[in-house]
Amino acid sequence: MSQPAAAAAGPAEGRRAVIVGGGMAGTRLARQLAAAGDRVTLVGEEPHAAYNRVLLADVLAGRYAPDVIRLPDLPAAPAVRALRGVRAVGVDRAARRVRCDDGRAVPYDVLVLATGAAPVLPPLRGLSGGAGGALPAGVHAFRTLADCLALAEAATAGTAAVVVGGGLLGVSAARALALRGARVVLAQQGERLMERHLDPAAAGLLRGHLEELGVEVHTGCRVRGVRTSPPPPGAVRAVTGVELADGYVLDARLVVLACGVRPRAGLARDAGLGVAEGVVVDDELRTTDPAVHAIGDCAEHAGVLYGLAAPALEQADLLARILTGPAGHTPRYTGTRALTRLTLPAADRPLDLAAFGETEPAPGDDVVHLADATRRVYRKVVVRADRLVGGILVGDLGPVGALARAWEGGAPLPAGTPLHHLLTDHLGGS
Ligand SMILES: Cc1cc2nc3c(=O)[nH]c(=O)nc-3n(C[C@H](O)[C@H](O)[C@H](O)COP(=O)(O)OP(=O)(O)OC[C@H]3O[C@@H](n4cnc5c(N)ncnc54)[C@H](O)[C@@H]3O)c2cc1C
């Protein structure tokens with residue numbers, strides 16, 4: 001059953017729902033609206049079927065074929081269509097139409113922006129300046145399946161590769177390239193790897209894991225620019241090295257830029273919708289125009305940009321319920337408590353990581369640690385009064401489910417439980 005916007009199309013025909021962005025959130029929502037009887041058009045710039053972006057590093061590492069990470073297609077039905085390889089270039093809100101780069105205009109009763117995020121290109125010397133602002137050959141972002149396949153082709157055994165950025169994305173890319181046999185240097189400006197999520201002890205274990213795979217890790221290392229070969233006539237400049245702030249030049253035939261992402265909010269901004277860093281949405285995931293919603297990495301709710309898969313999927317599910325549920329019972333989005341999890345498979349010693357909430361204690365907080373260097377296990381939880389506010393697990397993730405539930409629920413911890421039980425209950429169960 002459709003809600004108010006359906007009236008524009010008439011119940012017999014079903015509401016016209018247009019979703020811009022055929023990634024993880026957009027595709028998930030499209031399937032649910034189609035199942036509820038809406039006429040769904042999904043406009044997706046990437047030319048192929050949707051895939052699980054979180055698993056791209058495993059494709060790059062050669063662990064999965066691209067087909068394995070493909071997401072289920074939309075149902076084959078006359079009222080459901082996916083326009084792949086088509087980019088939305090404008091929204092005419094007065095006429096309720098989305099303009100596309102192939103010239104078509106798609107009318108909507110309800111529009112959902114699920115345009116995701118784009119890699120941040122750092123202001124490095126030598127990075128731009130190619131025709132049409134193209135990056136030098138050999139320099140890649142890591143966001144799409146196309147990026148991943150181009151990297152996989154370029155990263156042959158022995159290739160000198162530099163990954164710029166030591167967050168979750170940079171770590172995943174460095175590990176994957178090393179597993180392909182590339183000679184990898186990871187340059188991280190911060191003082192440790194994944195510093196938004198990990199404390200020094202956990203980051204140290206991660207660093208050890210990468211170094212065992214042959215990755216050379218430099219922390220506190222600022223990249224100043226990329227060096228390129230003089231362009232042969234008619235050809236693109238190709239990267240030859242990465243210049244550090246101290247003037248040292250790392251040899252590089254392949255450079256991966258993993259310097260964070262930024263919401264793709266240009267379409268919304270041009271249409272006059274409220275945009276802060278991301279597209280601003282309220283508790284019903286509505287933008288400043290009630291006929292237009294936004295979900296996933298492009299959306300900003302209560303000042304928060306998540307940039308993670310779990311919130312994007314939760315928003316898609318919730319918006320499906322908002323749009324198809326009975327009037328008068330509109331569920332509200334109150335934010336997602338998102339656990340960050342990373343699995344780094346390796347032939348002999350895989351490494352699992354999970355981090356959530358506030359991992360640095362405030363004055364007065366209790367902190368419990370458990371460290372076992374031989375088994376490469378590290379656990380830490382931060383407790384404020386009688387509540388769990390954050391934690392880090394490395395190695396054996398046994399208690400992650402129980403800890404995540406305690407943190408997500410925000411309920412007081414059982415009275416009288418010694419805090420170290422939070423960490424040890426499942427230890428040894430693996
Ligand atoms: C390599 C990698 C590893 C990651 N690992 C993790 C992880 O371990 N855990 C985690 O939680 N998250 C991870 N993420 C982040 C996660 O993938 C995102 O949070 C998630 O994909 C967000 O879904 P989305 O649908 O909002 O955006 P996306 O999946 O990016 O989809 C947006 C889609 O919209 C399309 N689009 C944009 N503008 C237009 C337009 N104008 N017209 C038509 N189409 C358009 C884009 O081409 C894209 O296909 C990772 C991301 C990457 C790149």
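Would you tally the residues in region 374-388 being touching a residue at least 60 places away in the same chain (Cβ under 8 Å) and either of a type in the set (Lys, Arg) or in a loop (DSSP other than H, G, I, E, B) (or both)? Of the residues in that region, 2 qualify.
State yes or no: is CYS298 within 15 Å of the chain's Cα centre (by Cα) and surrounded by 24 or more Cβ atoms within 10 Å (Cβ to Cβ)? Please lay out each step first, then the result.
On the way: within 15 Å of the chain's Cα centre (by Cα): yes; surrounded by 24 or more Cβ atoms within 10 Å (Cβ to Cβ): yes.
Yes.
Checking each residue in region 46-60 for being within 9 Å of the ligand (Cβ to nearest atom) and of a type in the set (D, E, K, R) picks out GLU46, ARG53. The numbered conditions (1) under 30 Å from LEU205 (Cβ atoms); (2) touching a residue at least 60 places away in the same chain (Cβ under 8 Å); (3) within 16 Å of the ligand (Cβ to nearest atom) are all true for GLY296 except (1). Of all residue pairs spaced 6 or more apart or on separate chains, those with beta-carbon atoms under 6 Å, a first member in region 389-403 that is in the same structural domain as PHE356 (by TED's automatic domain parsing) and charged (D, E, K, R) and a second member that is assigned to a loop (DSSP other than H, G, I, E, B) and modelled with pLDDT under 85 are ASP396/SER430.
Quick check on GLY220: is it in contact with a Cys (Cβ under 9 Å, 6 or more places away or on another chain) and of a type in the set (Gly, Ala, Ser)? Break it down into steps so the answer makes sense when it comes.
Details: in contact with a Cys (Cβ under 9 Å, 6 or more places away or on another chain): no; of a type in the set (Gly, Ala, Ser): yes.
No.
Here THR343 clears all of (1) among the polar types (S, T, N, Q); (2) within 30 Å of THR417 (Cβ to Cβ); (3) touching a Phe, Trp or Tyr at 6+ places or on another chain (Cβ under 7 Å) except the condition numbered (3). Just one residue in the set GLY204, GLY220, GLY170 is touching a residue at least 12 places away in the same chain (Cβ under 8 Å) and assigned to a loop (DSSP other than H, G, I, E, B); that residue is GLY220.
Have a look at ALA362, ALA355, ALA406 and point out the one that is in contact (Cβ under 8 Å) with a residue 60 or more places away in the chain, aliphatic (A, V, I, L, M) and not assigned by TED's automatic domain parsing to the domain that holds ARG196.
Numbers: ALA362 fails: in contact (Cβ under 8 Å) with a residue 60 or more places away in the chain; ALA406 fails: in contact (Cβ under 8 Å) with a residue 60 or more places away in the chain.
Of ALA362, ALA355, ALA406, the one residue that is in contact (Cβ under 8 Å) with a residue 60 or more places away in the chain, aliphatic (A, V, I, L, M) and not assigned by TED's automatic domain parsing to the domain that holds ARG196 is ALA355.
Among the residues of region 40-62, how many are surrounded by 14 or more Cβ atoms within 10 Å (Cβ to Cβ) and assigned to a loop (DSSP other than H, G, I, E, B)? Total meeting the criteria: 7. Total residues in region 28-39 satisfying the condition of being without any contact (Cβ under 8 Å) to a residue 60 or more places away in the chain and buried (at least 24 other Cβ atoms within 10 Å of the Cβ): the figure is 1. For ASP73, the conditions (1) over 27 Å from LEU308 (Cβ atoms); (2) surrounded by fewer than 17 Cβ atoms within 10 Å (Cβ to Cβ); (3) of a type in the set (D, E, K, R) all hold with the exception of (1).
The values are calculated or read from the model by the stated rules, or taken from the named source; none is laboratory data. Note that the structure is a prediction, hence the values are computed from the model and not measured. Don't worry about glycine lacking a Cβ; one is built from the backbone with ideal geometry, like all the others, and counts go over all protein chains shown.
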